1. Could you compute Rg(Cα) / (2.2 N^0.38 Å) for region 361-426, with N its residue count?
2. May I ask for log10 I(q)/I(0) of region 3-115 at q = 0.13, 0.17 Å⁻¹, from a Debye sum over the Cα atoms as equal point scatterers with solvent left out?
3. Return the sequence-ordered ³J(HN,Hα) values of region 11-16 in whole Hz as given by the Karplus equation 6.51 cos²θ - 1.76 cosθ + 1.60 applied to θ = phi - 60°, using x for Gly and Pro.
4. Would you mind telling me which residue in Thr339, Thr376, Thr283 has the biggest mean-square fluctuation in a Gaussian network model of the chain, where springs connect alpha carbons within a distance under 10 angstrom?
5. Which residue, Arg316, Arg28, Arg44, has the most motion in a Gaussian network model of the chain that connects Cα atoms within less than 10 Å?
6. Which whole-number percentage describes the relative contact order of the chain, with Cα contacts under 8 Å and a sequence gap of 6 or more?
7. So what does the Cα-only Debye profile of the chain read at q = 0.08, 0.10 Å⁻¹, as log10 I(q)/I(0), no solvent term?
8. So, by mean Cβ neighbours within 10 angstrom, what's the order for 191-197, 159-165, 216-222 with the highest one leading?
Amino acid sequence: MNFLKPAKALPLLAKEQIQKAYPHWRLRMFLVAYIGYFTYYFGRSSFDVSKQYITTLTPDELGLIGAGLGIAYGISKFLMGNISDRSNAKIFLAIGLFITGLINLILPSLLSLGVLVLFIAMLINGWVQGMGWPACARIMTHWFCANERGTKMGIWNTAHNVGAGFLAIAVVPIGLLIFNDNWHGLFYVAGAMCIFVSILVLIFGADTPQSVGLPAIEVYKGYTTSEAHHEQEFSAKEIFFKYVLNNKWVWLIAFANAFVYCARYGLLSWSTYYLVHVKHMSTTTGLLGFALFELPAIPGTIMIGWITDKYFGSRRAPMGVICMLLFIGALFVYWYSDTAWVLLLSLSAMGVLIYGPVALIGILALDLVPKKAGGTAAGFTGLFGYFLGTVGAQAVIGIIATMLGWDAVFIFLLGSCVIATALLAICWNLSAKKH
């Protein structure tokens, strides 16, 4: 797979050219990572927003199908993370996006073939989805320094929200409009967008600064003393065992991530179904709830990342704990209310609060390891988040809802929140400089 190898370093540009080109390339690569990743969400969340339209499957069957993506995504994000640390970021990002687009295009034709076929399709989709985050982690760690990463990654993490939010308020309505209210159209539009953006990533993206004739970001920013360490390439074995698997803090935040993701996807994945089939709201309200869980979190996520850099000395856990405690309060409101605007408002609040810990755990994973191991560390936390977290959020919640009812589902979600909060509290003083 030579085509995946990191791009070769070009001769350095003249000093004047570097000063002019570096800001341009940093913005350009940020946009490549941002637009590329929010488009990944079109291909990832399309099944979740379609749940409210599917009347032939029970919650446990829907949950099993959705869990297929989570299982594959968690494993893939970890394994692909290690490969991405030794790959060309733009090619890696584009390949996964292209394939997930193809899967979405054929998914409607598989809906009548049964749960097993759909589960396998979601497994494949989850596997290629696992190429997105690690590729973006490689981009962010090579183009931005650790002391600005909280703010920059906080902004980049809003791609989650933009992707899922715009899927609900733009991609789905466009699909319904083009295909005469046939909800299969949401898959066709999502798939086409993924393929189109994958081509743009190849055209406008790059790999490392050195691949376009620029110095490493540490040199550009004046941190020359650590340059040899930052740019040292590690073997796959060294990345896995020295910097990830042997790091107790990476393990701890990985477990915390599992319970945060269980709460996150337990709400998001079932929001349209819960609002329509349990709270008896309209399908429009269901889509609006999905979007409101995502979009208002954008300014909140940016602010939370900035606060950790500005006021907590780049310690990520304190804000994570604060967010989780407030999230628990909002969850009770969502559980007991039957009023549309209160349900939507509580969903919006929970979206803001849960994406704080989601972003902060991702940033902390990058803080804890050398940048050449960043994709693997991010993939490792993602393995726990998706393999354990989304399986709980999809399959377990589907089974609980079918067998015990939705009150039991909320007790399960509360338990996940409490455990996540406790694990983050243990990491209270952890930062890039203290681990």
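1. On the way: Rg = 15.1 Å, N = 66, 2.2 N^0.38 = 10.8 Å.
Relative to the 2.2 N^0.38 Å estimate, region 361-426 comes out at 1.40.
2. Once normalised to I(0) and log-transformed, intensities are -0.68, -0.97.
3. Karplus-based 3J(HN,Hα) across region 11-16 equals x, 4, 5, 4, 4, 5 Hz.
4. For the chain, modelled as a Gaussian network with Cα springs under 10 Å, the answer is Thr339.
5. Maximum among the listed residues: Arg28.
6. In percent, rounded to a whole number, it is 28.
7. -0.41, -0.64
8. 159-165, 191-197, 216-222
Read the figures in this text as sums done on the coordinates, not as results from a lab. Treat the numbers as computed from the prediction; the structure is a model and nothing was measured. As a convention, Cβ positions derive from the backbone with ideal geometry for all residues, glycine included, and neighbour counts pool all protein chains shown.
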